[in-house]
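Trainee: What follows is a single structure, and I will ask about it in a moment.
The values are calculated or read from the model by the stated rules, or taken from the named source; none is laboratory data. None of these values were measured; they are calculated from a predicted model. No Cβ is skipped: glycine too gets one built from the backbone with ideal geometry, and neighbour counts run over all protein chains shown. The area values use the complete protein model at the heavy-atom level, side chains included, leaving out ligands, DNA and RNA. Shrake-Rupley method; radii C 1.70, N 1.55, O 1.52, S 1.80 Å.
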Amino acid sequence: MKNKFLVILCILLFSFHSVAQQKVTWDDLSKVTFVDKYFPDYEQYFLHPKFSSSVKALDGKKIAVTGYFLNIDPRGNIYVLSKGPLSSCFFCGVGGPETAIELRFTNKPNFKTDQIVTITGILKLNSEDVEHFNYILTKSEGKLAE
């Protein structure tokens, strides 16, 4: 009976660990370099990311990141998590593409622009689709940061 209890306890602990998200910082996501790459479909060059091995290891993993919520186009469901507030975000020339994450929510969020939130989701690395961010969080869920 004691052995069965230990086996069940080990399974529960392992299960909890396997579904828990990994807390990721903006410093973790900054481990990427960019080179100009020509995209013939657009007849122009775009920044093409070269992700470090530590960033590649996060691809497909459930992570949590804290940052500024940006409600870019709520009707089009375009939401972004940014390292900085809207006034100093990537789009305004401060920082690079590694300081913003495209968010794909399971349910429409109720956050306001520039609220500091923690978003959890599955990280997808994107290096080829220039119509989307280099970092995408799918199945996103969020809460106000503590």
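Trainee: Among the β-branched types (V, I, T) and either open to solvent by 90 Å² or more (accessible area, probe 1.4 Å) or within 15 Å of F133 (Cα to Cα) (or both): is that true of V65 in this structure?
Mentor: Here the answer is no, as V65 does not meet what is asked.
Trainee: Let me ask something additional. Can you tell me which residue is nearest to F133 (Cα to Cα) among those in segment 18-52 that are part of a strand (DSSP E or B) and of a type in the set (S, T, N, Q)?
Mentor: My answer is T33.
Trainee: Which one of these does H132 not meet: (1) of a type outside the set (K, R); (2) under 14 Å from V24 (Cβ atoms); (3) in a loop (DSSP other than H, G, I, E, B)?
Mentor: (2)
Trainee: Identify, by number, the condition in (1) more than 30 Å from Y38 (Cβ to Cβ); (2) touching a helix residue (DSSP H, G or I) at 6+ places or on another chain (Cβ under 9 Å); (3) surrounded by 19 or more Cβ atoms within 10 Å (Cβ to Cβ) that G121 doesn't meet.
Mentor: So G121 meets the others, but not (2).
Trainee: Next question, about the same structure. So F111 clears everything in (1) part of a loop (DSSP other than H, G, I, E, B); (2) in contact with a Ser or Thr (Cβ under 6 Å, 6 or more places away or on another chain) except one condition, right? Which one?
Mentor: The failed condition is (2).
Trainee: Within the bounds of segment 88-101, is there any residue that is surrounded by 11 or more Cβ atoms within 10 Å (Cβ to Cβ) and assigned to a strand (DSSP E or B)?
Mentor: Yes, some residue in segment 88-101 is surrounded by 11 or more Cβ atoms within 10 Å (Cβ to Cβ) and assigned to a strand (DSSP E or B).
Trainee: Please go through (1) in a strand (DSSP E or B); (2) without any contact (Cβ under 8 Å) to a residue 60 or more places away in the chain; (3) under 28 Å from P40 (Cα atoms); (4) of a type outside the set (F, W, Y) for V117 and return the number of the only condition it doesn't satisfy.
Mentor: (3)
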